[in-house]
Amino acid sequence: MEKISIVNKFFYGLGFVSRGIMHGLFQLFLFFYFSQVLGLDAKLAGLASLITFVFDAITDPLVGVISDKWTSKKWGRRHPFMLVSALPLGVFTYLLFAPPAYLNQMELFWWLTGFSVLIRIAITFFDVPARSLGAELSTDYKERTVIISIRMLFDASLAPMVMIMGYTFYFVPTTDYSNGLLNKAAYPSFALLCAILMSLSILISTLGTRNIIPKLPQISAAQKQLTITQLLSSLGTAIKMPSFISLVLFITFLSIALGVGMIISPYFAYYFGISAKEMAVFPISSIIGDVLSLFIAPRLGDQLDKKWAAIWAAMLTGIFFSLPCNLRMLGLFPENDSPYLLTTLVLILSMGYTCLWIAISLGSSMMADVIDEFELLSTNRQEGLFFSILTLASKMTTGIGAFIAGLLLSWIAFPTQTDIADVSPEAINDLGLIGGPINLGIYLFSMVFLFFYPITKERYREIRVVLDARKVLVDAG
C-alpha cells in the first residue's frame with residue numbers, strides 16, 4: 001500500500017498510548033517508587049531492570065517470529081497478538097505498584113522483578129506486532145515516516161498527559177510529604193488509572209484497524225513453513241547488512257542515554273529544588289516536542305535523507321537534555337530560587353524532546369526500509385523479526401539504562417527514603433555529573449553508528465523498483 005486513511009492512522013497510533021504510559025511509569029515512577037519510597041537498594045532496583053531485559057531478549061524475537069508466520073483469515077498476522085495483550089497488561093501494571101507492606105528487601109526485589117517481567121511480556125505481545133504492522137501499511141519513503149510520526153504523537157504526547165495528571169492530582173505535597181512523590185499511598189491508585197487507560201487504548205486500536213487486514217501483504221507458503229535453520233540463516237543475513245547493524249546499535253545507545261536521563265529525572269526535584277507540583281510541567285516538554293516532530297521529521301527525512309536527519313537529531317538531543325546540568329555545573333544556569341528556572345528548563349527540554357522524537361521516528365522508518373533491502377537479498381519479508389530486535393534495542397531505556405542509573409546513584413552514594421532537606425549538598429551536586437557530561441557522552445556515542453548506514457533515498461528507490469517488478473511477475477505467474 002502507498003497510502004492509508006487518516007482514520008486508520010489515528011486508530012493505529014492510538015494503541016501506542018499503552019506503550020507510552022508503560023514507559024512513563026517505568027522511567028519516571030517505578031525506580032523512584034521502589035528505591036526512594038519503599039527503600040529498595042538502588043543496585044537491586046537496577047538489577048531487576050537488567051533481569052527484565054534478559055527476558056525481553058527472549059520474548060521479543062519469539063513473538064516477532066511467531067507473528068510473522070501466523071495465519072488467520074479473520075484477524076490476520078498481527079491483530080491476534082495485539083488483542084490478547086490488553087487485559088494482562090492492565091492487571092499486571094496495577095499489581096506491580098501494589099506490593100504487600102510486609103515485604104523485606106529480597107521479597108520486594110522479586111516482586112519488582114516478577115511483575116516487571118510479566119508487564120514487559122504483555123507489552124511485547126502488542127508492541128512488536130504493532131510496529132511490524134506499521135511497516136506493512138505503506139511502501140512510500142516519506143509516508144512511512146508520517147505513519148511513525150503519528151504513532152509517536154500518541155506514544156509521546158497523550159501518555160505524558162497521564163503523567164501530568166499523576167503529578168497534579170495524585171502526588172500532591174502534604175503536611176507529611178513535602179515531596180508528593182514520597183507518598184506511598186498515591187501509587188496504587190495512580191497505577192490503576194494507568195492500567196485501565198492502557199488496556200482500553202489497545203482494545204480500541206486493535207478493533208479500529210481490523211478493516212485494513214485484507215489489504216496487508218500476505219506471506220508466502222515458504223515463509224509459513226520457515227524452520228529454525230532458515231530463521232537463523234535469515235538472522236545471519238541481517239547481521240551482515242551494514243544498514244541493520246548500524247541502525248540497531250544507534251537505537252540501542254540512544255535508548256540507554258534516554259534511560260539514564262529518565263531514571264534520573266525525578267531526582268531533579270533534589271538538584272533543581274523543584275516540587276512535585278512543578279514536576280507536572282515537565283511532561284509538557286514531551287508533548288511540545290512530539291507535536292513539532294510530527295511536522296518536522298517527515299520533511300527533514302525527505303530533504304536531508306533519513307540518515308543525516310537522524311544524526312543531527314541525536315546530537316542535538318544529547319546537547320539539549322544535558323544542557324541544564326552542564327550549565328549549572330559551570331555556574332551559568334538560573335539558581336533554584338530564580339523565577340526563570342522552570343521556564344528555562346521547559347524550553348530547553350522541549351527542544352531536546354523535539355530532536356529525540358525526530359530521531360526515534362526516523363529510526364523506525366529506516367528499519368522499514370531495511371526490511372525492504374532484506375527482502376531484496378533473501379526474497380522473504382520478516383517484519384516481526386526485525387522490529388522485535390528494534391523493540392528490544394529501544395527497551396534499553398528501562399533495561400541497561402536503568403541498571404546503569406542504579407550503579408551511578410550507588411556510586412555517588414545517594415540516600416534513599418530521604419526528604420530533600422536532608423540530602424547532603426555533595427550528593428545533590430553529584431547528580432549533575434550523571435545528568436550532564438555522562439549522559440551527553442552516551443548520546444554522542446549513539447550517533448556515530450549511523451555514519452555507517454548505507455540506504456539513501458536514491459538507493460531505496462532502486463530497491464523498490466526491483467521489488468515492485470518482482471511482485472508483478474509473481475502476480476502474473
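Give the residue list of chymotrypsin sites (Phe, Trp or Tyr not before Pro) in the range 83-188 that are DSSP loop and have at most 14 other beta-carbon atoms within 10 angstrom.
Listed in order of number, the matching sites are Y102.
Using the eigenvalues of the Cα gyration tensor, what equivalent ellipsoid semi-axes result for the range 1-135 when each is taken as the square root of five times the eigenvalue, whole Å, largest first?
33, 15, 12
What is the magnitude of the charge dipole of the chain about its Cα centre, with +1 placed on the Cβ of each Lys and Arg, -1 on the Cβ of each Asp and Glu, and no other charges, expressed in debye to the nearest 20?
Values: 32 positive and 31 negative charges, 328 e Å.
Charge dipole of the chain: 1580 debye, to the nearest 20.
Excluding residues on the same chain fewer than 8 positions from K471, give the aspartates and glutamates whose Cα lies under 13 Å from its Cα.
Answer for K471, where 13 Å is the Cα cut-off: D372, E375, listed by chain and number.
Could you tell me which helices of the chain pass both thresholds, a Cα extent of 20 Å or more along their own axis and a mean Kyte-Doolittle hydropathy of at least -1.0, with helices taken as whole DSSP H runs?
Membrane-span-like by this criterion, though nothing is claimed about a membrane: 42-69, 79-96, 105-136, 186-208, 242-264, 282-304, 306-329, 341-378, 457-476.
To check my understanding: the extent here is largest minus smallest coordinate of the Cα atoms along each principal axis. What are those three numbers for the chain, in Å, largest first?
The Cα atoms of the chain stretch 76, 46, 39 Å along the principal axes, largest first.
Please go through the residue pairs K184/K395; K74/K395; K307/K395; K69/K307; K9/K457 and name each one whose alpha carbons sit more than 25 Å apart in this structure.
K184/K395; K74/K395; K69/K307
Rounded, prolate or oblate: which fits the range 406-457, taking a ≥ b ≥ c as square roots of the Cα gyration tensor eigenvalues, rounded meaning a/c under 1.5, else prolate when a/b beats b/c?
prolate
Every number here is computed from the coordinates shown, using simple stated rules; none is lab data. These numbers were taken from a predicted model, which means no experiment stands behind them. Note that we place each Cβ from the backbone using ideal geometry, even for glycine, and neighbour counts take in every protein chain shown.
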